[in-house]
1. Could you give the spread of the C-alpha atoms of the chain along their three principal axes, from largest to smallest, in whole angstroms?
2. Across the chain, how many lysine pairs separated by 8 or more positions, or lying on different chains, have Cα atoms within less than 23 Å?
3. Where the centroid of each part is defined by its Cα atoms, how far is the stretch 25-61 from the stretch 122-143 in Å?
4. With an 8 Å Cα cut-off and a minimum separation of 6 or more residues, compute the relative contact order for the chain in percent.
5. Go ahead and set up a Gaussian network model of the chain, Cα springs under 10 Å, then flag whichever of Leu129, Leu36, Leu56 fluctuates most.
6. When the chain is modelled as a GNM with alpha-carbon springs shorter than 10 Å, which of Ser144, Ser43, Ser27 fluctuates the most?
7. Quick one: among Pro26, Pro82, Pro114, which has the greatest mean-square fluctuation in a GNM of the chain with alpha-carbon springs under 10 angstrom?
Amino acid sequence: MSAATSKSPNAVARPTGSYALVLRLPSRRKILVGKLGLVDFPSGHYIYFGSALGGLKARVDRHLRSGKKLHWHADYLSAEVPWEYAWQLADGQRWECVWAAAATAAAINGGAAPVPGFGSSDCRCPSHLVRVNNAKQVRELLRSLSPAPRRLPRRA
């Protein structure tokens with residue numbers, strides 16, 4: 001017997017929505033990021049905004065896993081320094097562009113979108129990656145977003 005597909009009446013609906021991934025880069029690094037080329041990343045905390053309308057849990061789990069095939073810009077960065085944790089909003093909507101724009105505009109104490117085109121090759125956003133100075137700014141920024149994502153528990 002085959003497994004139920006998403007078009008099957010017996011299929012279990014997978015939550016979809018948007019997410020934010022967070023990592024801390026302890027020192028400046030130059031990282032090859034796919035077609036963006038060699039990118040200079042200053043030290044700091046980075047937040048990447050994405051959406052997963054085909055399954056939020058699977059997408060976030062993939063990003064948090066090590067040793068994955070490098071596909072998205074975020075994969076190249078996390079191959080150097082793994083994503084520490086994620087926030088998400090499972091409402092079936094795509095908030096990545098709204099969140100990235102708000103986060104960039106907030107520019108908390110020198111926050112910035114450090115890499116033009118990072119994670120935004122499928123839209124008109126300048127970037128879906130934002131850099132801030134510390135963990136407190138990460139929390140403040142993510143809590144200020146509307147609608148606000150929720151932090152997922154850390155993985156062991």
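No lab work stands behind these numbers, since they all come straight from the coordinates. All values derive from a computational prediction rather than experimental measurement.
1. On the principal axes, the chain reaches 53, 35, 32 Å in Cα extent.
2. Values: Lys7/Lys57; Lys30/Lys68; Lys30/Lys69; Lys35/Lys68; Lys35/Lys69; Lys57/Lys68; Lys57/Lys69.
Value for the chain: 7.
3. Spelled out, the Cα-based centre of one part sits 11 Å from the other.
4. Details: 302 pairs, mean separation 41.6, N = 156.
Dividing the mean separation by the residue count of the chain yields 27 percent.
5. Leu36
6. Among Ser144, Ser43, Ser27, the largest mean-square fluctuation in the Gaussian network model of the chain belongs to Ser27.
7. Evaluated over the chain, the most mobile residue of the options is Pro26.
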